[in-house]
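Here's the structure, in structure tokens; my notes come after.
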There are 2 protein chains.
Amino acid sequence: MNQIKIFSPATVANVSCGFDCLGFAVNDLGDTMTFRKTSSKEVKIIDIKGANLPYDVDKNVASAVTLKMLEKYPVDFGIEISIEKGYSPGSGLGSSAASAAGAAVAVNELLDKPFTPLELTKFAMYGEKVACGSEIADNVAAAIYGGFILVQQYEPLSIVKIPVPKELMLVAIHPQVKVRTKDARDVLPENIPLTDAVTQWANVGGLISGLYSANYDIIANSLKDIIVEPARKHLIPHFDKVKNAAIEAGALSAGISGSGPTIFALCKGEENAKNVFRAIEESYKDKNIDFTMVYSKINTQGVKILEKK
Amino acid sequence: MNQIKIFSPATVANVSCGFDCLGFAVNDLGDTMTFRKTSSKEVKIIDIKGANLPYDVDKNVASAVTLKMLEKYPVDFGIEISIEKGYSPGSGLGSSAASAAGAAVAVNELLDKPFTPLELTKFAMYGEKVACGSEIADNVAAAIYGGFILVQQYEPLSIVKIPVPKELMLVAIHPQVKVRTKDARDVLPENIPLTDAVTQWANVGGLISGLYSANYDIIANSLKDIIVEPARKHLIPHFDKVKNAAIEAGALSAGISGSGPTIFALCKGEENAKNVFRAIEESYKDKNIDFTMVYSKINTQGVKILEKK
């Protein structure tokens with residue numbers, strides 16, 4: 001194989017109660033990337049469409065991950081990378097994770113698959129470090145494994161893939177405002193009441209149970225975040241209005257995707273997702289803030305190979 | 001039916017990371033209780049074996065639950081109750097919950113089953129209030145539903161029954177020391193770092209995933225409590241020694257049952273449980289503290305009906 005083209009999905013991390021440990025992949029939103037072997041022995045970004053990202057190979061997430069992998073697994077060829085961003089960086093939908101996870105999976109294919117999904121996740125986490133300074137796993141693991149994933153622990157890294165009920169669908173709105181990661185971190189409480197923590201972990205338990213048993217009532221009941229969402233929601237204009245509109249239209253629940261500004265809603269079935277889409281759209285259209293929206297199934301396979309040559 | 005004899009199981013609540021929301025029922029330890037219709041229209045405790053418990057019908061948990069149920073569902077007969085405690089109150093194995101859950105299930109049978117398991121759990125929670133002042137659900141729900149249960153929320157009460165991997169077994173040691181509930185509550189931190197809470201809820205997610213998927217590695221990896229166990233373990237003599245002995249002998253993990261003093265270990269398979277039993281016994285035998293031990297399968301059906309007449 002000389003060339004591989006992949007689709008790397010957008011991802012929703014945090015997922016209400018599952019702050020810093022849960023994530024899932026989006027089926028119909030993500031980046032398309034092509035990786036091609038060259039004789040030059042260099043790693044090179046040859047094209048970036050759809051976003052203003054660095055061509056510097058140490059600063060671009062995709063090439064940084066590629067270099068890291070070749071450091072561990074030296075080869076006698078180089079790799080040229082073309083990137084077509086399918087959605088905006090800074091949305092809270094794991095844009096850097098899509099680049100990182102896509103690179104990890106694609107390069108692994110070009111190398112004849114020496115690495116496991118867990119190892120690929122670690123390489124992609126390095127990409128997250130290049131992008132935002134810390135080696136977070138929730139988005140990249142969701143993009144690599146697909147479906148819902150739980151980052152059960154970091155040392156050593158343990159990723160649990162959780163089944164996705166068939167009818168589960170996502171609706172998301174990305175208001176075109178900036179939420180700085182630093183601001184989103186700064187508003188978090190350092191300490192929380194033990195009683196709130198218990199409420200939250202009982203909901204994590206409920207959400208995981210609901211996903212395993214495809215029980216949408218338990219999923220809806222457990223998709224609550226009494227700790228991070230109340231602290232962060234004022235960073236996202238009209239968050240409550242969108243969330244209420246989604247729930248009134250029948251969404252299981254809604255919350256902040258990553259650290260925002262995207263707001264996600266989970267729904268049961270396509271009809272419901274369409275209604276929720278319209279209700280959210282309606283709730284935002286007179287706000288003088290541009291926005292984009294998506295509705296999609298959950299991606300259950302992770303990074304997809306589109307073409308090999 | 002005029003008379004019913006039931007077995008109501010001991011229960012382990014908290015279960016490491018699952019403080020205040022997880023519990024499971026023990027197959028081979030519990031109370032035997034007989035409930036008999038009488039013409040007197042009174043509720044009466046006629047016999048208590050194995051423990052020093054009140055005969056006053058408002059103070060005895062079993063009769064208090066019975067009275068509460070008859071208040072809601074009046075009948076033209078009375079009920080006589082005989083209680084045979086199979087293990088000591090104050091052990092941390094849900095002794096009052098066994099009485100409360102046993103009464104709820106047995107009386108429901110005598111009344112021709114007007115109540116659902118969730119309603120029975122609420123009646124049994126009233127029994128917990130009589131015994132200890134607060135309407136906690138984790139032990140009584142485990143005794144009524146059997147298996148592992150998650151108290152997903154209290155308002156409204158939501159109980160999730162979680163599958164039990166077939167080979168899962170319990171080993172427990174009850175050192176004959178007193179842990180006052182007040183002391184066990186007083187040592188708890190009021191506030192905890194958000195980062196610790198995240199670690200704990202990722203482990204709750206891992207434990208629930210491990211139970212659904214019968215993945216013993218994930219169960220072992222997730223059975224950790226970095227918040228309550230460190231605060232409480234000094235109330236239980238030689239806790240660390242027992243826990244280390246259990247894990248060295250191959251237990252998945254070990255922790256405090258309820259608020260102690262019983263220490264529980266979960267194991268994979270009977271051989272392993274026997275080894276863990278011996279290792280724990282060995283670790284405690286020169287400590288000049290009397291103790292009792294048990295090893296058992298997990299009870300998956302809840303309160304068992306032994307005889308109907």
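Structure notes:
- Cross-link reach list, lysines versus A:LYS309, counting only Cα pairs under 21 Å and skipping chain neighbours closer than eight places: A:LYS5, A:LYS37, A:LYS41, A:LYS44, A:LYS113
- Exam field: B:ALA214 pseudo-label spacings to other copies (7 Å along Cα-Cβ), nanometres: 2.0
- For the residues of B:160-166, the average number of beta carbons from a partner chain within 10 Å of their own beta carbon is 3.
- Cα shape, the protein assembly as shown, gyration tensor, a/c 1.5 rule: prolate
- Cα gyration tensor, region B:220-298 - rounded (a/c under 1.5), prolate or oblate: oblate
- Basic side chains Lys and Arg get +1 at the Cβ, acidic Asp and Glu get -1 at the Cβ, and with that the dipole of the protein assembly as shown about its Cα centre reaches some 540 debye.
- Using a simple spin-label model with pseudo-atoms 7 Å out from Cα toward Cβ, A:GLU42 and B:ASN244 lie 5.8 nm apart.
- Where a label projected 7 Å from the Cα of A:LYS113 along Cα→Cβ would reach, residues of region A:23-42 with amide N under 12 Å: none
- Distances from B:GLU281 to itself in the other copies, using label points 7 Å out along the Cα-Cβ axis, amount to 7.0 nm in increasing order.
- Around A:GLN176: net Lys/Arg minus Asp/Glu count, Cβ-Cβ under 14 Å: +2
- Within 10 Å of the Cβ of each residue in B:189-196, the mean number of Cβ atoms contributed by other protein chains is 6.
- Region B:168-297 - percent relative contact order, Cα under 8 Å, separation 6 or more: 40
- 222 nm mean residue ellipticity, helices alone, for the protein assembly as shown (DSSP H n ≥ 4; -39,500 (n - 2.57); rounded to 500): -11500 deg cm²/dmol
- Isotropically averaged projected area of chain B, using the convex hull of Cα atoms (one quarter of hull area), nm²: 15.1
- Two-site FRET efficiency, B:LYS166 against A:ASN288, from Cβ-Cβ distance with R₀ of 45 Å, rounded to 0.05: 0.15
- With contacts taken as Cα pairs under 8 Å at a separation of at least 6 residues, chain B carries a relative contact order of 26 percent.
- Placing a pseudo-label 7 Å from each Cα along the Cα-to-Cβ vector at B:GLU271 and B:LYS59 gives an inter-label distance of 5.2 nm.
- Net dipole in debye of region B:140-244 [+1 Lys, Arg Cβ; -1 Asp, Glu Cβ; about Cα centre; nearest 20]: 360
- A cut-off under 12 angstrom between Cβ atoms defines the neighbours of A:ILE305, and their net charge, with Lys, Arg +1 and Asp, Glu -1, is +3.
- Using alpha carbons only, the radius of gyration of region B:1-156 set against its Kirkwood radius gives Rg/Rh = 0.95.
- 10 Å Cβ neighbours from other chains, averaged over peptide A:16-23: 4
- Overall form of region A:168-297 per C-alpha gyration tensor (a/c, 1.5; a/b vs b/c): oblate
FYI, it's all coordinate maths here, none of it is from the lab. Worth saying up front: this structure is predicted, and the values here are computed from it rather than measured. Because the Cβ atoms are built from the backbone with ideal geometry, glycine has one as well, and the counts that use them run over all protein chains shown.
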